[in-house]
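Worksheet: one structure, shown below.
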Amino acid sequence: MQNISNYNKYLSYKSGRLRIENIFLEDIAMKYGTPTFCYSANQIKDNLHNLKNSFSKIKPFICYAMKANFNKEIVKLMAKNNLGIDVVSKGELKESLKCGIKNNKIVFSGVGKTDEEIKFALKKNIKQINVESEEELEEIENQAKSLKKKINISLRVNPNVDAQTHDKISTGRSEDKFGISQEKVEKLLKHYKESKYLNINGLSIHIGSQICKISPFKKAFKKIRNLILSLKKKNIFIDCLDIGGGIGIIYEVNKDKVFKISDYAHLVEENFSDLGIEIIIEPGRFLVGASGVLISKVIRVKKGKRKDFLIVDAGMNNLLRPSLYNSKHSIFPVKSSNKKTKYDVVGPICETSDIFRKSYALSKQEKNDLIIICSVGAYGSSMSSDYNLRGFANEVLIDGNKIF
Ligand SMILES: Cc1ncc(COP(=O)(O)O)c(C=O)c1O
């Protein structure tokens, strides 16, 4: 049996039965049905603690990227831990306020903010808007003028760096839709220097997600540092840098490799600690990804000509990542056994891409047995849909003996 606690300290077998924190997963399935997303609060707190404690020279302002998981209990947990938040829609902005995040701790990102969303953000006096184009900047200035508001702006720079992650979650190459070229950034900073409504005091970058090698960060940070220094020489001063999210996590237990969080923190400090500016980080996946498992029940084992299909009641509508990004999540049985066999683990949806794993070694399963799919805390429930009208999975947050 693989050591499951390697990636989530709060998952363990006790007498052959799988627990998350102090609660048996069978009991959760019994009470809440399946499929159910189940998150460990203490794993989230540990991730946060590890991130914070990796820094020694600076104290970055951590803004949780809510798109990773907007579950109310999780956002409330972030608020209780004094985090800021990175939102990408009016819906997320409203929800984060409801969950106790202070308005002056909200960063509004996203490439396509609507007029209505911009107006709402201005009225709520949020910390800053991260702007993705010259056109967006013009619209924000017009709206701020009519509302007689002044707003802090960070310009999102496109550093033209390949994050070496999945193509669909790479955001920092010049051909991607995100950010503004370095040359244009300088032009905009000069143009709006005297604006009564826009205080362009920051830059931001976000080169992609699930980045497992440190080298793309190294390249991007160097570019942004050089940009800040060259602007300084021209008397254009930046006092806030938002370095985005993107820190990768383990999906295949005992197989995937990701840089150490202390290496990331060291790189940030090496590049920016001498600049005397505020540093914002927007981690989503790193904080919540490993905390979550999706409990699913075996509908039946279908004997194929060359292989057996393990048909489970979670589908791509609950967890889209395998079909969208070919991601490989580890799967474990809720009751351990040493009798192994290989299955294609599939969902019930009418799409060939509704597959979680192909030819996957698992203990022998039968109808109504339970399995968990790991590392689903980020971009799991938040990307789920009601496809095939299957309904949404339940979600529970476990903290010790307590279930929220
Ligand atoms: C602007 C921005 N910041 C932060 C994040 C969070 O990224 P991650 O979950 O990889 O940390 C994203 C996600 O795509 C993003 O677009």
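Results for (1) more than 13 Å from the ligand (Cβ to nearest atom); (2) crowded, with 17+ Cβ neighbours inside 10 Å; (3) more than 19 Å from LYS113 (Cα to Cα), shown as yes or no for each residue.
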| residue | (1), (2), (3) |
| --- | --- |
| SER154 | no, yes, no |
| ASN160 | yes, yes, yes |
| ALA163 | no, yes, yes |
| ILE200 | yes, yes, no |
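Just to be sure before I move on: is PHE221 within 17 Å of the chain's Cα centre (by Cα), away from the ligand (no atom under 11 Å from the Cβ) and assigned to a helix (DSSP H, G or I) in the structure I sent? Considered against the rule, which asks whether it is within 17 Å of the chain's Cα centre (by Cα), away from the ligand (no atom under 11 Å from the Cβ) and assigned to a helix (DSSP H, G or I), PHE221 comes out as no.
Per-residue answers, yes or no, for (1) under 19 Å from ASP354 (Cα atoms); (2) under 21 Å from the mean Cα position of the chain (by Cα); (3) away from the ligand (no atom under 16 Å from the Cβ); (4) hydrophobic (A, V, I, L, M, F, W, C):
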| residue | (1), (2), (3), (4) |
| --- | --- |
| LEU267 | no, yes, no, yes |
| SER273 | no, no, yes, no |
| LEU310 | yes, no, yes, yes |
| GLY315 | yes, yes, yes, no |
| LEU319 | yes, yes, no, yes |
| LEU324 | yes, yes, no, yes |
| SER327 | yes, yes, no, no |
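This table checks each residue for (1) within 16 Å of the ligand (Cβ to nearest atom); (2) acidic (Asp, Glu); (3) at pLDDT 95 or above.
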{"site": "THR34", "(1), (2), (3)": "no, no, yes"}
{"site": "CYS38", "(1), (2), (3)": "no, no, yes"}
{"site": "LYS57", "(1), (2), (3)": "no, no, yes"}
{"site": "LEU83", "(1), (2), (3)": "yes, no, yes"}
{"site": "LYS105", "(1), (2), (3)": "yes, no, yes"}
{"site": "GLU116", "(1), (2), (3)": "no, yes, yes"}
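Those residues that are assigned to a loop (DSSP other than H, G, I, E, B) and within 16 Å of the ligand (Cβ to nearest atom), I need them from region 165-198; list them, please. Scanning region 165-198 gives THR165, HIS166, THR171, GLY172, ARG173, ASP176, LYS177, PHE178, GLY179. Among the residues of region 202-218, those that are within 12 Å of the ligand (Cβ to nearest atom) and more than 17 Å from ASN160 (Cβ to Cβ) comprise SER209, GLN210, CYS212. Annotation: of all residues in region 363-391 being under 21 Å from VAL298 (Cβ atoms) and free of Cβ contacts under 8 Å to residues at least 60 places away in the same chain, the one that is surrounded by the most Cβ atoms within 10 Å (Cβ to Cβ) is SER363.
Residue count for region 118-138 satisfying the condition of being away from the ligand (no atom under 16 Å from the Cβ) and under 16 Å from SER89 (Cβ atoms): 6.
Residues that are of a type in the set (A, V, I, L, M, F, W, C) and buried (at least 22 other Cβ atoms within 10 Å of the Cβ) were ranked within region 239-248; the one that is farthest from the ligand (Cβ to nearest atom) is LEU241.
Scanning region 5-24 for any residue that is crowded, with 23+ Cβ neighbours inside 10 Å, assigned to a helix (DSSP H, G or I) and assigned by TED's automatic domain parsing to the domain that holds GLY380 turns up nothing. In this structure, ILE279 does not qualify as within 16 Å of the ligand (Cβ to nearest atom), closer than 30 Å to THR352 by Cβ, of a type outside the set (Gly, Ala, Ser) and not assigned by TED's automatic domain parsing to the domain that holds SER382. The residues of region 332-341 that are in a strand (DSSP E or B) and modelled with pLDDT of 95 or more, listed by number, are PHE332, PRO333.
The values are calculated or read from the model by the stated rules, or taken from the named source; none is laboratory data. All values reported here derive from a predicted model rather than from experimental measurement. Note that we place each Cβ from the backbone using ideal geometry, even for glycine, and neighbour counts take in every protein chain shown.
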